[in-house]
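Okay, so here's the structure we're looking at.
The values are calculated or read from the model by the stated rules, or taken from the named source; none is laboratory data. Since we're looking at a predicted model, the values are computed, not measured. Positions of Cβ are generated from backbone atoms using ideal geometry, with glycine treated the same way; all protein chains shown enter the neighbour counts.
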Amino acid sequence: MSVTTPWCTLQRAVTAAPSGSVVLVRRGSYGTAELKAGARTGWVTLRAYTGETPEVSKLRLWGGYVAVERFRLGGGELTAKVRDVALRDNQITGGIVFQEGTTRVEVSRNRWSAPTSNAVIFSSAAGTEPKVTAITFRDNVFSRVGVVALNLRNFDDVVVQGNEFTNVVSYDGVVHADVIRTYAGGTRLRIVGNYLHDNQAQGIFTKDGRVDDMTIANNLVVRSGSQWFGMNLYDVTNLVMVNNTAVDNGGGDVVLQKSVVRADVRNNIAYKFVVVDPASVYYPRRNLVGRPDKTGVRFVDPSTSDYRLRPTSAGVDEAVADGSPAADLYGKGRADVPEKANAGIGDPNYVDIGAIETQP
């Protein structure tokens, strides 16, 4: 599979290639790939040959220190207690199961669909099985998912950052669909800088197991369907919800249920924001809640998905700087807009409310 020293099979490459090797894989259909990395202690990368796309109908990884790049994958499984795996720049057309004890996995820049299943599910039961830990989903596009895009169960230290989620909708009209769902609880969940739009599913949904230490920041959550919430949170302790824009979600934009405890909520924009137990929100500051005729929020053009604030809109240069991300959803830094007097709190005093910073 390498141009000069072919390994002949994916399994042989994973087993025997020296640490640091990049194995170039030619086009072709490789069927089900059961890759047993054994006792590897250094990385090997399986990478598609330039201009070609090898296809694997199902990928099952045993062992670790394996990266798979630029393949077409029909789904698969990271088996129990697998560690040190990377999936990068692939086209994925089915679900992948992360079994109990899976740890240190990077999932980045993939284009992912799973029309009749979860795209990702953590298969770990709380209290009886090892947690799924140290998982990062970054800069992926999830589109056409039939159940849940990220079904996170019994976890610790999960980062969901910079992803786009669209067209998540129940494949049969019966099964309950969500974009990001937690079940069986977990700890340390970071959902930062994601764009959730045009789904028929709840955007961010936590329930049936307590999540401790959760951050939701810099997310744009819009058009979740006629009956679904943008965010619907149960069973969360120590929540930080900062600089999100959640609007135009038919069922409601944000709901913090009574089982949410110790929530720091600031600098958010939402048309419909319900807090079932106001005592649970201990630091609510500078949130713009209500329709534009009430709040003065003016977006550039929601009909074309342009949710930047106009320079003279409410929210521009009005946020609490303390605890705000240094950059916005699109990675742009904080900017002082000359059309508005600075009315923010802290340093700098020109941070914008919401997920997108207006640029001068």
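Could you please give the count of residues in segment 291-323 that are touching a residue at least 60 places away in the same chain (Cβ under 8 Å) and closer than 18 Å to HIS197 by Cβ?
Kept after step one, since they are touching a residue at least 60 places away in the same chain (Cβ under 8 Å), are these residues of segment 291-323: 302, 305, 307, 319, 323.
Pick out the ones that are also closer than 18 Å to HIS197 by Cβ and you get 302, 305, 307.
Qualifying residue count for the region: 3.
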Qualifying strands (runs of 3 or more DSSP E) (wholly inside segment 263-360; at least 2 residues being of a type outside the set (Phe, Trp, Tyr) and not assigned by TED's automatic domain parsing to the domain that holds ASN163): 299-301, 306-309
I need every pair where a residue in segment 3-29 that is among the hydroxyl-bearing types (Ser, Thr, Tyr) has its Cβ under 6 Å from the Cβ of a residue that is at pLDDT 90 or above and surrounded by 13 or more Cβ atoms within 10 Å (Cβ to Cβ), sequence separation at least 6 or different chains. SER21/VAL44; SER29/GLU55
Residue check, TYR271 against (1) at pLDDT 95 or above; (2) over 17 Å from VAL222 (Cβ atoms); (3) surrounded by fewer than 21 Cβ atoms within 10 Å (Cβ to Cβ), all met but one. Which one? (2)
Got at least one residue in segment 28-50 being more than 24 Å from ILE135 (Cα to Cα), touching a Pro at 6+ places or on another chain (Cβ under 9 Å) and not in a loop (DSSP other than H, G, I, E, B)? yes
ASP172 being surrounded by fewer than 22 Cβ atoms within 10 Å (Cβ to Cβ) and closer than 17 Å to GLY95 by Cα: yes
State all residues of segment 156-178 that are β-branched (Val, Ile, Thr) and either in a strand (DSSP E or B) or under 13 Å from the mean Cα position of the chain (by Cα) (or both); if no residue qualifies, say none. VAL158, VAL159, VAL160, THR166, VAL168, VAL169
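Tell me the residue from ARG153, ARG181, ARG144 that is in contact with a Pro (Cβ under 8 Å, 6 or more places away or on another chain) and in a strand (DSSP E or B), please. Show your work before the answer.
Numbers: ARG153 fails: in contact with a Pro (Cβ under 8 Å, 6 or more places away or on another chain); ARG181 fails: in contact with a Pro (Cβ under 8 Å, 6 or more places away or on another chain).
ARG144 is the lone residue from the list that is in contact with a Pro (Cβ under 8 Å, 6 or more places away or on another chain) and in a strand (DSSP E or B).
Can you go through ALA48, ALA33 and tell me which one is small (Gly, Ala, Ser), crowded, with 18+ Cβ neighbours inside 10 Å and under 22 Å from PHE98 (Cβ atoms)?
Values: ALA48 fails: under 22 Å from PHE98 (Cβ atoms).
Sole residue among the options that is small (Gly, Ala, Ser), crowded, with 18+ Cβ neighbours inside 10 Å and under 22 Å from PHE98 (Cβ atoms): ALA33.
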Cβ-Cβ distance below 7 Å, separation of 6 or more or different chains: which pairs start in segment 59-77 with a residue that is under 12 Å from TRP43 (Cβ atoms) and end on one that is hydroxyl-bearing (Ser, Thr, Tyr) and surrounded by fewer than 18 Cβ atoms within 10 Å (Cβ to Cβ)? TYR65/THR41
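Only one of these is over 28 Å from THR237 (Cβ atoms) and exposed (fewer than 15 other Cβ atoms within 10 Å of the Cβ): PRO338, PRO292, PRO278, PRO311. Name it. Before you say what the answer is, go through the steps one by one.
Values: PRO292 fails: exposed (fewer than 15 other Cβ atoms within 10 Å of the Cβ); PRO278 fails: over 28 Å from THR237 (Cβ atoms); PRO311 fails: exposed (fewer than 15 other Cβ atoms within 10 Å of the Cβ).
Criteria check complete, one pass: PRO338.
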State which residue is nearest to GLU106 (Cα to Cα) when the search covers only segment 7-27 and only residues that are among the hydrophobic types (A, V, I, L, M, F, W, C) and in a strand (DSSP E or B). VAL22
Of the conditions (1) surrounded by fewer than 24 Cβ atoms within 10 Å (Cβ to Cβ); (2) in a strand (DSSP E or B), GLY203 fails just one. Which one is it? (1)
